[in-house]
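One structure is given below, encoded as structure tokens.
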Amino acid sequence: MDAMTSPADDLSALSYEQARDELVRVVNALEQGSSTLEESLALWERGEALARRCEEWLIGAKARLDAARSGQTDTAASAG
């Protein structure tokens, strides 16, 4: 198995960009259609895990933006 499909990789250590880039590589490999069924299943599982990791990052980013906006709204309301 190559590094892209290694289940030992710790997804929680990947940045959004790393997870996204690896997900693109997984999708490209699946689209080639040259993998065995077992390899394709492993790629699919890895892709699903990477997509979840990207979603975690995006949810976290949205929460940070919402908190920042809320802080700005609270500051403006108390200043007025």
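Below is a table of values for the structure above.
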item	result
Accessible surface of T73 - all protein chains present, 1.4 Å probe, nearest 10 Å²	90 Å²
L14 long-range amide H proximity, modeled H, under 5 Å	none
Length added when fully stretched, L37-S70, from 0.36 nm per residue minus Cα-Cα	7.0 nm
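The values are calculated or read from the model by the stated rules, or taken from the named source; none is laboratory data. None of the values given here were measured: they were computed from a predicted structure. When the accessible area is computed, the model is the full protein with side chains, heavy atoms only, and any ligands, DNA or RNA have been set aside. Shrake-Rupley method; radii C 1.70, N 1.55, O 1.52, S 1.80 Å.
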